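Have a look at the structure below before the remarks.
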Amino acid sequence: MSAPAVQSEVIPELKIVQDATCTFCGCVCDDIDLSVKDNHIVEAKRACVLGKAWFLNHTLDDRPSCLIDGRPASLEEGYDRAARILTNGKYPVIYGLSDSPCEAQRVAVSIADWIGGIIDTTTSVCHGPSGMAFQGVGEVTCSLGEVANRGDLIIFWGSNPAESHPRHFTRYSLMPKGMFVPNGRKDRTCVIIDVRKTKSAKAADIFIPIKPRADFEALWTLRALARGIELDAQQVLSDTGVELSVWQDLMARMKAAKFGVFFFGMGLTMTRGKHANTEALLALTRDMNAHTRFVSKPNRGHGNVTGADNVVSWRTGYPFGVNHARGYPRFNPGEYTTTDTLARREADCAMMIACDPMANFSQSAREHLASIPYIALDTKDTPTTRAAAVAFNVATYGINTGGTVYRMDDVPIPLRPAFDSPHPGDFEVLTAIEDRVKKILGINA
Amino acid sequence: MSQTFILIPGRTSDQGCGISEGKFQPKYQKQIQSLQMSPGDMQRLAVKEGDWVRLTSETGSVEVQLVSAPKDELPDGLLFIAYGDISCRLMSGDTHGSGMPTSKGIDVTLEVLASAIANTSAIANSTAKAD
Amino acid sequence: MTTREYTRISQGTVYDPANGIDGEVRDLWILDGRIVEAPADPSIRPVRDIDAAGLVVMPGGVDMHCHIAGPKVNVARKMRPEDKRRSEVLHRTSNTHSGTMGAVPSTFATGYKYAGLGYTTAFDAAVPPLGARHAHEEFEDTPCIDKGFYVLMGNNHFVMQSIQNNEYEKLKGFMGWLLAATKAYAPKLVNPGGVEVWKSRQGGNVSGLDELVEHFNVTPRQIISNVTKAANELRLPHPVHIHCNNLGMPGNWETTMQTMQALEGHRGHITHIQFHSYGGGDADETTFNSKTVQLADYVNSHPNVTVDVGQVLFGETTSMTGDGPLGYFLSNVYGGKWFSSDTEMESGCGITPIKYKNKSLVHALQWAIGLEWYLLVNDPWRVVMSTDHPNGGSFLAYPQIIRLLMDRTWRQDVLNTCHPLVRERGVLKDLDRQYTLNDIAIITRAGPARILGLPNKGHLGPGADADITIYTPNENYETMFELPRMVIKSGRIIVEQGEIRDPLIGKTLNVQPDYDREVEPHIQEWFEKYYSIRWRNYPVDESYLHESEVVPTKE
């Protein structure tokens, strides 16, 4: 694990950890000052409401580090049982990883390789469709600091950062006084496009309420306008729920902007059309670069979901939903993605790392998961840990353990843990399981 | 009396905080079973905050408690619920070859339940299968 | 003493041009991962004796310009599942991870394939500082080879601002700081100034060395001259690695010539120079022609300049570059999917699939121009084999290039399959020079190691890293070089006849130059104003280096 030295000054009983990194959402704010007292974070300076809940609620607990079939067990027994489950399976699935550091993610991919299993991450039920769209048309994008320094037209589509990424506006997208937008918010126009008038819409200059499930039509309307194609006003209104003149006004602003930015969320990826929606948005962004500079970015959710995409990609060549059953990586969303393998009752064992499929998957997927032996790693008691054959209660990354996390714009950031946990971290647990798996399978890599 | 709606599950800050506080804690549980409805629809259906309703999709059925959506957040015909255990019961296992279940924009029918018949037992029902 | 575990490679035909050995039958002794003198005591026996009689022994290959790790490489992997799906796969074995190939192999596959080809060191040519941590993480998953990277500086705001303000010492301090903070190996300039213009307006770029970069009011020439001078004064082992402005454009040879002149006599390396050697005017393909003769003349008469070629091979690949406007240009030429990403304060990036066709005049000329470079630079120590992997083609094409250089009959045969005008627009048809095995040993290992300032690489003298490749001679040089009999890394046999035996991780090569620390508060002040991450979270600490070696600066 790469644990950078904790930069801290010790005042009796109170430890300050400066520039700690919050891993709750994809903003991965790395400017948090933590006050730690008696192995408890008492203050998380600069953290948002989600960040405060993250830092202040991950406290030491006296739950056992390992449960086998719901009964306390030693870690050694847990590792042994986990390795047996994974090596006995014919179709094992390893899933989750969006709240684990890259160092642990790498071990998880190794295990999937050795056992000939699937490695999949929560990307598949998050921005997986955006990943597929990117494979179709590419992506024009930038780091978040570019938005802060240059963005003068900021459009959020199907994304509600006021509730999902509370510091997005202040740190990256609307408020910062940047190099080429010296007056901050005053130099920017903010547009929100959504089916409901979210809390974020209140921060916008323009709110465009579109018809539910009409994102694809709305985006293609804009693509047509970008090309100067004439459209039937009546049809645009009935297709998108929005007057053509509103779209024309938006396109005029988009062309007039110096540096336009789309941030898009699960309003696109989770709604009918999915990757076709995001592909339309990525293609529109590309089109706009014939007129001005324009970029788009998915507002990624969990702390290190972007790291998971990166690690799985560099090790296998594919970003998620990777099957090793033939001894080498194959990729096919819908076939090798976890929710599908469970709903179709194909997987016969699983390891769920920092995720909660027993709460967030379809009923058919949950029922099958409950019927097969699986291992769960989580910092908290969840529906998934409760139904696991082996459950590891793990230390929290960024609070108890170090490592690396990728912000939603692929910028890797180190963690500065605040206090030790009696529980092992994901990296430790997965490494111990990998060692046993290798021994069982005669792997000596 | 059943009515057709489109359901949008999504993130709320209370639900996000609830994840860190613990999924079995009251705050989180309350969040994921509170269904937001527009004031217009509430008036039309003559329902009030706290009433229990049953949502049924192609796939499943859940019982949740109504709250009024904050002023003008929701247009009529649209319902909102914090994404979680309950909303996902309405989602199909079919991802149409994408890996992603259709988790937003779900067609549901809504029935108003006789006052408070469900309440606590609904909470129990919703989590029982997880064990 | 007697317990020391020597390995001996016996009676191989050794090519070690750095030590003046050109095909002599010799023994090589290895101890603790390094080459040593044969023990004076004749009673000492090696623990392992490798019989290399009849085989050719060379230092391990050194690739000084490829794209194998970091943010854009990884994007290129995940962008093209269709390329991976139809390509070779690497099966998991009891001692190796599985992997995928295609134009951009996965990390483990990259390491295994380099080693399988007899290469033991490789440098990624373009990493944005903000992505340095990512590159180091991938390096740890890229086994069998030693590796390092060049860090992008040519469009860095602090660099341009220092030049604008005539603060040369600040520039020099910043370069030292940035190399150390990112654990990089060398400064890299990519389309200096041009990428910043691309980031600031539609279709933006610079068209020549003296065009002003908006906002910063500096010219590409100023960036090149100042960075080169500072890099030499920092005594960096490889002072500066330059991707010139106007890559790929007809008529760009003049920019390239001016860039070499802008070095002002200091040491500098011009990379993938094939892409920068074109005559012809105003983006007019019908006038496209080779200017290799003029440029090679300059290189031949200016010993401060070295080049690598960036050979193009026919077929499909993925183009990836830190040159954002080039990515935009190529995506419009090919019309395929396009990725572009701008990194705050630092750099840009462009990725798009491309295909080189032998029947296309432009592509065939690019292929011929690459070969002209190898054949027109008189001193093989100053021209290095590269494909700019994967831009011109895969590193796996090196054996094919070797055959093209060593076998003029075959070279002319291939030329005859190309677009007929290639014979008129360049000089390849007139060049009958053939490379010898010694020449090949220079352009694939001894030369790049020397240009990189790596004292322990590229040769087989005492003290060198015991990175050794043993080939089975074959009259077809492509066959000879594509499947080494044995590859030894740090004294361990890592590959035998294409089979991975001992996939060690390899080490990271980086520099830690002395620089004026007084500059740091100035950098910090600038950094905190504009970056989206915290100053203290920016430098890459030691924990990311696994095994590493700090290569010393020049005496």
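The values are calculated or read from the model by the stated rules, or taken from the named source; none is laboratory data. Quick caveat: nothing in here was measured; it's all calculated off a predicted structure. Neighbour counts run over all protein chains shown; Cβ positions are idealised from the backbone, glycine included.
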*Inside the stretch C:334-356, can you point out the residues that are under 23 Å from C:R86 (Cβ atoms) and free of Cβ contacts under 8 Å to residues at least 40 places away in the same chain?*
C:Y334, C:G335, C:G336, C:W338, C:T352, C:I354
*Do any helices (runs of 4 or more DSSP H) entirely within the stretch C:133-251 hold 1 or more residues that are over 24 Å from the mean Cα position of the chain (by Cα) and among the basic types (K, R), and if so, which?*
C:168-182, C:194-200
*Tell me, please, whether a residue that is away from chain A (no Cβ under 14 Å) and assigned to a loop (DSSP other than H, G, I, E, B) can be found in the stretch C:313-320.*
yes
*In this structure, is A:G307 modelled with pLDDT of 95 or more and facing another protein chain (nearest Cβ under 8 Å)?*
no
*asked:* I'd like to verify a number: residues in the stretch A:21-62 that are polar (S, T, N, Q) and free of Cβ contacts under 8 Å to residues at least 60 places away in the same chain, how many?
replied: 3
*Index of the failed condition, A:Y336 passing every other in (1) away from chain B (no Cβ under 14 Å); (2) aromatic (F, W, Y); (3) closer than 29 Å to A:A133 by Cβ*: (1)
_Extreme residue, farthest from A:M179 (Cα to Cα), among residues of the stretch C:532-555 that are outside any loop (DSSP other than H, G, I, E, B) and within 14 Å of chain A (Cβ to nearest Cβ)_ = C:S548
*Out of all the residues in the stretch A:109-132, is one or more within 7 Å of another protein chain (Cβ to nearest Cβ), assigned to a helix (DSSP H, G or I) and among the acidic types (D, E)?*
yes
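Among C:I500, C:I470, which is the only one that is of a type outside the set (S, T, Y) and out of contact with any Leu (no Cβ under 6 Å at 6 or more places or on another chain)?
C:I500
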*Residue check: is A:V322 surrounded by 23 or more Cβ atoms within 10 Å (Cβ to Cβ) and either of a type in the set (G, A, S) or not assigned by TED's automatic domain parsing to the domain that holds A:R196 (or both)?*
yes
*asked:* For the structure I just gave you, tell me whether A:R330 is more than 11 Å from chain B (Cβ to nearest Cβ), in contact with a helix residue (DSSP H, G or I) (Cβ under 9 Å, 6 or more places away or on another chain), surrounded by fewer than 24 Cβ atoms within 10 Å (Cβ to Cβ) and without any contact (Cβ under 8 Å) to a residue 60 or more places away in the chain.
replied: yes
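The rows are residues; the columns are (1) within 17 Å of C:C349 (Cα to Cα); (2) at the interface with another protein chain (Cβ under 9 Å from one of its Cβ atoms); (3) part of a helix (DSSP H, G or I).
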| site | (1), (2), (3) |
| --- | --- |
| C:D63 | no, no, no |
| C:S94 | no, yes, no |
| C:V104 | yes, yes, no |
| C:T110 | no, no, yes |
| C:K113 | no, no, yes |
*asked:* Test of understanding: among C:V190, C:V227, which residue is in contact with a Leu (Cβ under 9 Å, 6 or more places away or on another chain) and within 26 Å of C:P390 (Cβ to Cβ)?
replied: C:V190
*In the stretch B:25-51, what residues are hydrophobic (A, V, I, L, M, F, W, C) and touching a residue at least 40 places away in the same chain (Cβ under 8 Å)?*
B:I32, B:L35, B:M37, B:L45, B:V47
_Being touching a Pro at 6+ places or on another chain (Cβ under 6 Å) and over 18 Å from C:H65 (Cα atoms) narrows it down to one residue among C:A231, C:A296; which is it?_
C:A231
*Just for strands (runs of 3 or more DSSP E) wholly inside the stretch C:429-522: which have at least 1 residues that are out of contact with any Phe, Trp or Tyr (no Cβ under 7 Å at 6 or more places or on another chain)?*
C:468-471, C:486-489, C:492-496
*May I ask you to list the residues in the stretch A:396-427 that are more than 14 Å from every other protein chain (Cβ to nearest Cβ) and closer than 20 Å to A:T122 by Cβ?*
A:G425, A:D426
_I'd like the full set of residues that are more than 21 Å from C:N510 (Cβ to Cβ), surrounded by fewer than 18 Cβ atoms within 10 Å (Cβ to Cβ) and not charged (D, E, K, R), limited to the stretch C:431-482._
C:Q434, C:T436, C:N438, C:G461, C:P462, C:T472, C:P473, C:N474, C:N476, C:T479
*Among the residues of the stretch A:187-208 satisfying the criterion of being more than 10 Å from chain B (Cβ to nearest Cβ) and in contact with a Gly (Cβ under 9 Å, 6 or more places away or on another chain), which is farthest from B:A69 (Cα to Cα)?*
A:D187
_For the structure I just gave you, tell me whether C:R423 is among the basic types (K, R) and in contact (Cβ under 8 Å) with a residue 60 or more places away in the chain._
no
_Selection count, the stretch C:110-159, where residues are of a type in the set (F, W, Y) and under 16 Å from C:T444 (Cα atoms)_ = 3
_Here is a list: C:W367, C:W381. Which entry is at pLDDT 95 or above, among the aromatic types (F, W, Y) and surrounded by 24 or more Cβ atoms within 10 Å (Cβ to Cβ)?_
C:W367
*asked:* For the stretch C:504-522, give me each residue that is buried (at least 18 other Cβ atoms within 10 Å of the Cβ) and either away from chain A (no Cβ under 14 Å) or modelled with pLDDT under 95 (or both).
replied: C:G506, C:K507, C:L509, C:N510, C:V511, C:P513, C:Y515, C:V519
_Which numbered condition A:D340 fails, given (1) outside any loop (DSSP other than H, G, I, E, B); (2) under 30 Å from C:G350 (Cβ atoms); (3) in the same structural domain as A:A82 (by TED's automatic domain parsing)_ = (2)
*Given (1) crowded, with 24+ Cβ neighbours inside 10 Å; (2) at the interface with chain B (Cβ under 9 Å from one of its Cβ atoms); (3) out of contact with any helix residue (DSSP H, G or I) (no Cβ under 7 Å at 6 or more places or on another chain); (4) not aromatic (F, W, Y), index of the condition A:T341 fails*: (2)
_If a residue must be surrounded by fewer than 23 Cβ atoms within 10 Å (Cβ to Cβ) and touching a residue at least 40 places away in the same chain (Cβ under 8 Å), how many such residues does the stretch A:381-392 contain?_
3
*Limited to the stretch A:133-147, what total is found for residues that are at the interface with chain C (Cβ under 9 Å from one of its Cβ atoms), small (G, A, S) and buried (at least 24 other Cβ atoms within 10 Å of the Cβ)?*
3
